Number of protein chains: 2
Amino acid sequence: MPELRRDPVAGRWVIIATDRAARPHQFQGQKRVPRGGFCPFCEGNETKTPPEILAYRSPGTHPNTPGWRVRVVPNKYPALRVEGDLHMRGVGVYDTMEGIGAHEVLIESPKHVLSPSELTTEALEEVVRAYRDRMLDLKKDVRLVCAMLFKNVGVEAGASLEHSHSQLICTPVAPKRVQEEMDRCNEFYRFRGRCLLCDIIQQELADGQRVVVDKEGFVVLTPYASRFPFEMWILPRQHTAHFEDITDEMIGGLAGALHEALRRLDASLDDPPYNYNIHTVPFVLGPVPYYHWHIEVIPRVTAIAGFEWGTGFYINPVAPETAAQFLREASWKREPAGVGTAASR
Amino acid sequence: MPELRRDPVAGRWVIIATDRAARPHQFQGQKRVPRGGFCPFCEGNETKTPPEILAYRSPGTHPNTPGWRVRVVPNKYPALRVEGDLHMRGVGVYDTMEGIGAHEVLIESPKHVLSPSELTTEALEEVVRAYRDRMLDLKKDVRLVCAMLFKNVGVEAGASLEHSHSQLICTPVAPKRVQEEMDRCNEFYRFRGRCLLCDIIQQELADGQRVVVDKEGFVVLTPYASRFPFEMWILPRQHTAHFEDITDEMIGGLAGALHEALRRLDASLDDPPYNYNIHTVPFVLGPVPYYHWHIEVIPRVTAIAGFEWGTGFYINPVAPETAAQFLREASWKREPAGVGTAASR
C-alpha cells in the first residue's frame with residue numbers, strides 16, 4: 001500500500017509508492033560522464049574567468065595566476081547584477097524590480113574533478129570555509145536579503161561546466177520556499193516552544209532507521225517525507241540559525257559529514273547527477289530560535305513529471321528507510337587518492 | 001539588466017535573465033523521438049491494460065476491444081489506491097496516512113500519436129470531455145479532495161510510454177501548491193473584491209504583448225513571471241472556479257485553444273518535451289469567486305538546477321514577451337492530416 005507522508009518543514013505531501021520500483025539499483029543508470037574539452041576552471045586558465053573575488057593560495061602566488069586551492073569568481077553570465085538600485089514597483093497586478101544581487105562561482109579544486117567526493121576531506125573543508133567567508137562578506141550589503149548556496153553536479157542536474165564548483169546567489173527578496181519554511185518552523189515554535197528541526201534530529205537519532213551518518217556534531221539522514229530516491233539532509237546537531245555563523249571547528253565536522261554522504265551516494269548509485277543546497281535563515285533575521293540551517297542533497301535519478309510541477313506533491317518510488325540502509329551499506333573507499341596525485345585530467 | 005518579476009498567483013519570484021541566451025531557437029535541441037516497440041495503449045492491445053473505466057466507442061463495439069476513440073483505464077502502477085481507509089495519524093513530529101486515491105490514465109487516440117498536436121481538434125475535444133467526465137465521477141467519492149490532471153510528453157518530461165496520454169490523480173489532501181494558490185487568490189479577493197486571474201486576463205488583453213491566442217472564449221498567454229522559456233497558460237475568459245463545470249460549448253473552445261497552443265509550441269521548438277496541468281479548485285469547495293481554473297503548459301527545454309529546487313526561485317533566460325512573439329509568428333500547419341489517415345505507425 002502506498003503511504004502519504006508530510007514533510008513538516010516545507011509542509012508538502014509526498015507519496016511513498018514503493019510498489020513502482022523494486023530495487024535501489026534500478027536508479028544507477030544516470031551516470032556522470034566526463035565530456036572533456038577546454039575548461040576555464042582548471043589551474044592555468046585563470047584569465048578565462050572574471051577576476052577572482054577570493055582565493056585560498058600558496059604564499060607568494062599572485063591573484064588570477066596558478067597556486068590556488070579554492071577560487072571564487074563572479075559568474076560570467078550572472079542571473080543578477082551587483083550594480084544599481086532595486087526600483088521596486090507595480091505593473092498593474094504584477095510586481096517587479098531590477099535584478100540586483102550577487103551571483104558568484106566557487107571553484108572547488110585546481111584539478112579537473114567532477115564531484116567533491118573526489119577531493120580529500122581537507123580540501124572539502126576549504127570549500128566549506130569559502131562558502132562561509134563569501135556569505136559573511138555579502139551579508140554586509142544591506143540590499144541583499146537571502147543567500148542561496150547551491151551545487152549542480154552533472155548535465156541532468158543543470159551543470160553547464162563539469163569541473164566541480166558551487167554557486168552562490170544572493171537575492172534582494174526572500175524566495176518563496178525559504179519564506180514558507182521560516183513561516184512553518186516559526187508556527188511550530190510558537191506552539192511547541194522548540195525548533196522543529198531539533199525535534200526531527202532527536203526523533204531520527206532515537207529511531208535510527210533513516211540515519212546514514214552520525215559523527216563530529218553532524219547527522220546525515222534520509223528525510224521521512226523524501227521527495228526523491230536517496231534524498232539526504234545534513235544537519236548540525238547543535239541548533240544554529242545561520243549557516244554563516246559556523247565555527248572553524250564545525251567546518252571540519254561538516255566537511256567530514258558532507259564528504260562521507262557524497263561518497264556513499266556516489267558509491268551507491270554509481271556517480272549519479274545531483275544537486276545540493278544550503279537552507280539557511282535570511283541575512284535580515286537575527287539568530288532565531290525556530291529555524292536550523294541544513295544542507296539538502298537531491299540525486300537526479302528520476303524525471304520530474306507534470307504531477308510534481310503542478311502540485312508540489314511528489315511521488316517517490318524508494319522508501320527513505322530503504323535508501324538509508326542502502327547508503328549505510330555502500331562499500332565506499334575510505335580515502336580518495338587525493339587530487340594532487342591521481343585526479344589530473 | 002535582469003529583471004525580477006513576481007507571479008501574483010503562486011507568489012514566487014522569477015529572474016528574467018535575457019542576457020544568458022540570445023535566441024529562442026537555442027531551445028530547439030530537446031526533440032521528442034519515437035522509440036518504437038510494443039505499445040499497450042494502441043488499438044488492438046486492450047488486454048494489456050487494466051479493464052477500461054470509460055471509453056467513447058463506435059456503436060456496437062464491446063468494452064476492452066477495438067472501436068474506441070478515447071479510453072480511460074486505471075494506472076497499472078498506481079501511486080495511490082482506491083481501496084481502504086485513510087487512517088490519518090502522527091508519527092512523532094510527522095504526519096502520515098494511507099495512500100488512498102485514484103490514479104487513472106486517459107489514452108487520447110487509438111493510433112500511436114506522440115502529442116495532441118497530431119490529433120484533429122475534434123479528437124482533442126473528446127479528450128477534454130473525458131477529463132471532465134472522469135472528474136465528475138471521482139468527485140462523488142467524498143474521500144477525494146483534489147483532482148490533478150496532468151500530461152507528460154517526452155521522456156525528459158517524465159513520460160514512460162510515448163503514446164499520447166494524460167493522467168488523473170485524485171488525492172485525499174490538498175497539495176501544497178494548490179492550497180497556496182487558493183490562499184493567495186483569496187487574499188487578493190478579500191482586498192480588491194475581484195478574481196486575480198480575471199484581472200490578469202483583462203490586463204493581458206489590454207496590453208497584448210504576451211497574448212498568443214485569443215479565440216472562442218479562451219486566452220493563451222505567456223505569463224508575466226514565466227518560470228520557463230515558452231511557458232503558456234490557457235484560461236477561460238469567463239470566470240469559472242472548477243474545471244469540471246465546463247459546459248459542452250466551452251469544451252469546443254478549450255480544445256481549439258489548447259490545440260492551437262500546442263501546435264504553435266511544437267512548430268516553434270521542433271516538438272519539445274513538455275508537461276501540462278489543469279489548475280482547478282478542490283472538489284470540497286463550492287464555486288468560489290476568487291479562483292479561476294486554467295491550464296499551465298511547461299516546455300522542458302532547460303534543466304532545472306539546484307537554485308530552483310532549493311528556493312522556488314526560477315531563472316528564465318527568455319522574456320515571455322519574446323516567447324509570445326515567437327509563438328505568434330510560428331508557421332504551423334492549420335490542420336493535421338488526421339489520425340485516421342497519416343498518423344498510423
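Could you tell me the center-to-center distance, by alpha carbons, between the range B:164-204 and the range A:165-232 in angstrom?
Comparing the Cα centres of the range B:164-204 and the range A:165-232, I get a distance of 28 Å.
Given the rotation relating A and B, tell me which residue in A puts its Cβ closest to the axis and the distance in Å.
A:Ile304, 3
If I require 15 Å or longer along the helix axis, counting alpha carbons, and a Kyte-Doolittle average no lower than 0.5, what helices from chain B are left? Use full DSSP H segments.
Going by DSSP H runs, the hits are B:196-207.
Using only Cα positions of the range B:145-196, each an equal point scatterer, no hydration layer, compute I(q)/I(0) via Debye at q = 0.31 Å⁻¹ and quote the log10 values to two decimals.
Each listed q maps to, in turn, -1.05.
Need one value for B:310-319: mean number of C-beta atoms belonging to other chains within 10 Å of its residues' C-beta atoms. Display every interim value, and only then the final one.
Details: counts 16, 13, 9, 11, 3, 6, 1, 2, 0, 0.
Neighbouring Cβ atoms belonging to other protein chains average 6 per residue here.
Where nothing but the Cβ of Lys and Arg (+1) and of Asp and Glu (-1) is charged, how large is the charge dipole of the range A:192-290 around its Cα centre, in debye to the nearest 20?
Taking the Cα centre of the range A:192-290 as origin, the dipole is about 360 debye.
Ranked highest first by average number of other Cβ atoms within 10 Å, how do A:321-329, B:53-61 line up?
Averaged packing, sorted descending, gives the order A:321-329, B:53-61.
Of the lysine pairs in chain B, how many meet both conditions: Cα atoms under 22 Å apart, and a spacing of 8 or more in sequence or different chains?
15
Please state the shape class of the range A:21-175: rounded when a/c is under 1.5, otherwise prolate if a/b exceeds b/c and oblate if not, all from the C-alpha gyration tensor.
Oblate shape, in that a/c is at least 1.5 and b/c is the bigger or equal ratio.
From the label point of B:Asp245, set 7 Å from Cα along Cα→Cβ, how far away are the matching label points in the other copies, in nm, ordered shortest to longest?
Values, ascending and in nm: 5.0.
What is the distance in Å between the Cα centroid of the range A:273-323 and that of the range B:35-69?
The two parts, judged by their Cα centres, are 40 Å apart.
How many angstrom separate the Cα center of the range B:122-150 from the Cα center of the range A:95-162?
Going from one Cα centre to the other spans 45 Å.
Find out how many positive minus negative residues lie around A:Glu52, taking Lys and Arg as positive, Asp and Glu as negative, among other residues whose Cβ is under 15 Å from that of A:Glu52.
Computed value for this residue: -1.
Go through A:Val318, A:Pro116, A:Ile298 and say which Cα lies farthest out towards the positive end of the charge dipole of the range A:38-329; charges sit on Cβ, +1 for Lys and Arg, -1 for Asp and Glu.
Most positive-ward Cα: A:Ile298.
For chain B, set up a GNM with springs between Cα atoms under 10 Å and report which of B:Leu161, B:Leu106, B:Leu119 has the largest fluctuation.
B:Leu161
Lys/Arg Cβ at +1, Asp/Glu Cβ at -1, dipole of chain A taken about the Cα centre: which of A:Cys39, A:Leu149, A:Tyr224 is farthest positive-ward?
Farthest towards the positive pole: A:Cys39.
Which whole-number percent gives the relative contact order of chain A, counting Cα pairs below 8 Å spaced six or more residues apart?
Once divided by the residue count of chain A, the mean separation gives 23 percent.
Non-local amide H neighbours of B:Arg143 (under 5 Å, H modeled in plane, Pro and chain starts lacking H): which ones?
Correct list: empty.
Answer rounded, prolate or oblate for the protein assembly as shown, using the Cα gyration tensor with square roots of eigenvalues a ≥ b ≥ c: rounded when a/c is under 1.5, else prolate when a/b is larger than b/c, else oblate.
Working: a/c = 1.60, a/b = 1.48, b/c = 1.09.
Since a/c reaches 1.5 and a/b is larger than b/c, the shape of the protein assembly as shown is classed as prolate.
To one decimal place, what Kirkwood hydrodynamic radius in Å is obtained for chain B from all pairs of distinct Cα atoms?
Answer for chain B: a Kirkwood hydrodynamic radius of 21.1 Å.
Please give the average number of partner chain Cβ atoms lying within 10 Å of the Cβ of each residue in B:166-178, rounded to a whole number.
Working: counts 1, 3, 1, 6, 0, 6, 2, 4, 3, 9, 11, 7, 4.
Partner Cβ neighbours, averaged per residue: 4.
Measuring from a point 7 Å out along Cα→Cβ, what nm distances, shortest first, does A:Met1 have to its partners in the other copies?
Listed shortest first, these distances are 5.8 nm.
Is there a simple number for the mean count of other chain Cβ atoms within 10 Å of the Cβ of residues in A:151-161, and what is it?
For this peptide, the per-residue mean of nearby foreign Cβ atoms is 3.
Mind running the shape call on the range B:98-217? Use the C-alpha gyration tensor, a ≥ b ≥ c as the square roots of the eigenvalues: rounded below 1.5 for a/c, prolate if a/b tops b/c, oblate otherwise.
Oblate, since a/c reaches 1.5 and b/c is not below a/b.
Every number in this text was worked out from the coordinates using simple rules, so none of it is lab data. The structure presented is a predicted model; accordingly, all values stated were derived computationally and were not measured. Because the Cβ atoms are built from the backbone with ideal geometry, glycine has one as well, and the counts that use them run over all protein chains shown.
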